[in-house]
Amino acid sequence: MARKTIPRGGDSRQPKRRSSGSGAAPPKNRRRRPAPPPPPATLTTWTPGEVEAAFRRFEAANPEPRGELQHQDPFTLLVAVVLSAQATDAGVNKATPKLFAVADTPEKMVALGEIRLRELIKTIGLYRTKAKNIIALSRALIAEHGGKVPHDREALQALPGVGRKTANVVLNGAFGEPVIAVDTHVFRVANRTGLAPGKTPFEVEQSLEAVVPEHYKRHAHHWLILHGRYVCKALKPACGRCLINGLCRWPDKNLLSV
Ligand code: SF4
């Protein structure tokens, strides 16, 4: 496989330009310094053997990774994932036991109604919009899918409040499809490590689709999320206890950080 260079940096964003210090304009008679040289183009894409090695280590450490959103079936998973947009799984898990105790099917959700649903999820960000979408998607499931969550990407994405990431989580978690949902953690890990760079979640998903071996795709999403959430954290990655620190391309690794 041809090795190509990837942008240097922790994620897909351009590095911030450093301030000159005081912010004042330089004196006119001072000679302008030459622009600094570009960073060395030494970062390369992962070889297939390296990707295999990384996922072999993830699998050895956690053979059956699970998502952290509590659910009982495809419908409650779908609702939990809609609730988790721009919220933490822990925050969603605090609210959903009471919600699912009274409304764990589309029919019961519609019967519950938007106002009572709002009350049950008001601790979660964007709860008004989410309540509206959950009632609307429950109605759509009853009207168009016999009250069942469809095992079909297009049909899932046609539901109110369901985008590609939510559809992928449901396809993977509820139906065992080997698709990789790209959330904020997967996006960061894929770019920072150089494993699957991309400027958008969709680009990263396509990159991962291309490089992750078939036999790891079923669980790749969970391994990468858990790695990003607990090890390769946004502000302080724990490179010292990272399973893939010998493979990762991030130039600012701190192997003393655990
Ligand atoms: S060494 Fe591990 S924790 Fe550190 S940046 Fe790379 S993947 Fe993240």
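Assorted remarks:
- Condition met for ALA174 (within 10 Å of the ligand (Cβ to nearest atom) and within 23 Å of GLU68 (Cα to Cα)): no
- Enumeration of residues in the stretch 167-186 that are surrounded by 24 or more Cβ atoms within 10 Å (Cβ to Cβ), outside any helix (DSSP H, G or I), touching a residue at least 40 places away in the same chain (Cβ under 8 Å) and not small (Gly, Ala, Ser): ILE180
- Cβ-Cβ under 8 Å pairs, at least 6 apart or on other chains, the stretch 229-255 side not assigned by TED's automatic domain parsing to the domain that holds THR88 and of a type in the set (Asp, Glu), far side near the ligand (Cβ under 8 Å from one of its atoms) and assigned to a loop (DSSP other than H, G, I, E, B): ASP252/GLY10
- Pair list, Cβ under 8 Å, 6 or more apart: the stretch 104-123 residue in contact (Cβ under 8 Å) with a residue 12 or more places away in the chain, other residue of a type in the set (D, E, K, R): ASP104/ASP73; PRO106/ARG139; VAL110/ARG139; GLU114/LYS132; ARG118/ARG128; LEU120/LYS98; ILE121/LYS130; THR123/LYS94
- Entry remark, the stretch 200-244: residues being in a loop (DSSP other than H, G, I, E, B), surrounded by 18 or more Cβ atoms within 10 Å (Cβ to Cβ) and near the ligand (Cβ under 10 Å from one of its atoms) number 6 in total.
- In this structure, ALA155 does satisfy being more than 13 Å from the chain's Cα centre (by Cα) and in a helix (DSSP H, G or I).
- Qualifying residue in the stretch 187-199 (condition: loosely packed, with under 14 Cβ neighbours inside 10 Å and either hydrophobic (A, V, I, L, M, F, W, C) or more than 13 Å from the ligand (Cβ to nearest atom) (or both)): yes
- Candidates in the stretch 245-258 are the residues that are farther than 15 Å from PHE55 by Cβ, of a type in the set (A, V, I, L, M, F, W, C) and within 8 Å of the ligand (Cβ to nearest atom); of these, the one that is surrounded by the fewest Cβ atoms within 10 Å (Cβ to Cβ) is LEU255.
The values are calculated or read from the model by the stated rules, or taken from the named source; none is laboratory data. The structure displayed is predicted, hence computed values, not measured ones. Note that each Cβ is placed from the backbone with ideal geometry, even for glycine, and that neighbours are counted across all protein chains shown.
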